[in-house]
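Colleague: Below you will find the structure I want to go over with you.
The values are calculated or read from the model by the stated rules, or taken from the named source; none is laboratory data. Remember, it's a predicted structure, so these values are computed and weren't measured experimentally. In this analysis, Cβ positions are derived from the backbone assuming ideal geometry, glycine residues included, and neighbour counts consider all displayed protein chains. Side chains included, ligands, DNA and RNA excluded: accessible areas come from the protein's heavy atoms. Shrake-Rupley method; radii C 1.70, N 1.55, O 1.52, S 1.80 Å.
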Amino acid sequence: MNWHIHDYRESDLAAVVHLIDTTAELGQESVFSLAECIGALTTRQPAVVAVHQGAPIGAALACVSGERAWVMRIAISSAWRGRGLASALLVELERRVVLPLAEPERAGRHGVRPPRAVCLFGPPGTGKTTFARGIASRLGRPFVEILPSRPADEGNLAAALRSAFARIAELERVLVFIDEVEEIAPVRSEPAQPGGCTG
């Protein structure tokens, strides 16, 4: 590991914006615009920055709004891709977003409400499933993965999803990971606007 990860600071804004802007074309188009990412940073949403020899090389930012949280963007300098930096950034970001779930009493003492849902965005192979499994393991909760394309192959997608969620509802605590969500929710012409995430 040749980097150091710290909490986002106001002095990191220009470097993080540059990372987001220059890496946008390297993966799947993000649901969140650059302006929304800047809004999250300036309103002190959870964010971490990786630095190598004083230069920012990666960043991960999230948005928490009520009982929901989103991992908005992971931006890594092209020279640092494939070295485990994305995982390291997610681990650090996870501490800030998921810790209230792991320690609800402590969170309650500080007036923090844990999120009930976390949305992860990114191209295939960026570790979303592994991240979700890690959270389930850390929390000691069952992990249920739903792939909408599989129930759709069996016929009626809506009925299959209702049945799956009825079985899930029988569990007291569970972490549900819905992959390929675009199979359920078609692409919108307008970008997502999660409440309270932009300034």
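Colleague: Run Val31 past the list (1) without any contact (Cβ under 8 Å) to a residue 60 or more places away in the chain; (2) under 25 Å from Arg116 (Cα atoms); (3) surrounded by fewer than 23 Cβ atoms within 10 Å (Cβ to Cβ) and report the number of the one that doesn't hold.
Modeller: Val31 satisfies all of (1) without any contact (Cβ under 8 Å) to a residue 60 or more places away in the chain; (2) under 25 Å from Arg116 (Cα atoms); (3) surrounded by fewer than 23 Cβ atoms within 10 Å (Cβ to Cβ) except (1).
Colleague: Right, another one. In this structure, is Glu36 open to solvent by 60 Å² or more (accessible area, probe 1.4 Å) and under 25 Å from Ile135 (Cβ atoms)?
Modeller: Values: open to solvent by 60 Å² or more (accessible area, probe 1.4 Å): no; under 25 Å from Ile135 (Cβ atoms): yes.
No: the conditions fail for Glu36.
Colleague: On to the next question. Looking at this structure, is Leu41 at pLDDT 90 or above and open to solvent by less than 10 Å² (accessible area, probe 1.4 Å)?
Modeller: On the way: at pLDDT 90 or above: yes; open to solvent by less than 10 Å² (accessible area, probe 1.4 Å): yes.
Yes; evaluated as a whole, the condition is true for this residue.
Colleague: Mind counting the residues in the range 99-115 that are surrounded by 14 or more Cβ atoms within 10 Å (Cβ to Cβ) and in a helix (DSSP H, G or I)?
Modeller: 5
Colleague: If you don't mind, another one. Keeping to the range 72-83, report how many residues are outside any helix (DSSP H, G or I), open to solvent by less than 40 Å² (accessible area, probe 1.4 Å) and not hydroxyl-bearing (Ser, Thr, Tyr).
Modeller: Step one: filter the range 72-83 for residues outside any helix (DSSP H, G or I), giving 72-77, 81-83.
Of the ones still in play, those that are also open to solvent by less than 40 Å² (accessible area, probe 1.4 Å) are 72-73, 75-77.
Add one more test, that the residue is not hydroxyl-bearing (Ser, Thr, Tyr), and what stays is 72-73, 75-76.
Within the range 72-83, residues that are outside any helix (DSSP H, G or I), open to solvent by less than 40 Å² (accessible area, probe 1.4 Å) and not hydroxyl-bearing (Ser, Thr, Tyr) number 4.
Colleague: Filter the range 45-56 for residues that are in a loop (DSSP other than H, G, I, E, B) and in contact with a helix residue (DSSP H, G or I) (Cβ under 9 Å, 6 or more places away or on another chain) and give the result. First the steps, then the outcome.
Modeller: Taking the range 45-56 first, the residues in a loop (DSSP other than H, G, I, E, B) are 45-46, 53-54.
Those that are in a loop (DSSP other than H, G, I, E, B) and in contact with a helix residue (DSSP H, G or I) (Cβ under 9 Å, 6 or more places away or on another chain): Gln45, Pro46.
Colleague: So the check is Cβ under 8 Å with 6+ separation or different chains; which pairs have a first residue in the range 71-84 that's closer than 13 Å to Ile5 by Cβ and a second one that's at pLDDT 90 or above and open to solvent by 40 Å² or more (accessible area, probe 1.4 Å)?
Modeller: Once the first residue is closer than 13 Å to Ile5 by Cβ and sits in the range 71-84, its partners that are at pLDDT 90 or above and open to solvent by 40 Å² or more (accessible area, probe 1.4 Å) give Trp80/His52.
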